[in-house]
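Here, each number is a calculation from the coordinates, and none is a lab measurement. Predicted model only: the values in this text are computed from it and were never measured. Please note: Cβ atoms are built from the backbone with ideal geometry, for glycine as well, and neighbour counts cover all protein chains shown.
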């Protein structure tokens, strides 16, 4: 993920070749926290006070979830995500 340009990048584990990019449609500080779980990829958007949810199959943003000011770290399990502010 490049937090400065709002792009989530998928790389191959066997050499790092570029597999896909997802335009997150966010500006400002995204934060540097990404979590995978519950069938989604979630990225904190610190400046926007939200979590951006990406569907890994379609590689599209499916939700922008307001979580309050300054979300930082994020983790996920099979039921959902946990966010610190």
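If the Kirkwood radius is taken over C-alpha pairs of the chain, then at 10 °C and 1.306 mPa s the Stokes-Einstein diffusion coefficient equals 124 µm²/s.
In terms of other Cβ atoms within 10 Å, 59, 50, 85 run from fewest to most in the order 85, 59, 50. Among 40, 17, the ranking by other beta carbons within 10 Å of each residue's beta carbon, starting with the fewest, stands as 17, 40. Stretching the chain fully between residue 13 and residue 77 yields a gain of 20.9 nm (0.36 nm per residue, less the alpha carbon separation).
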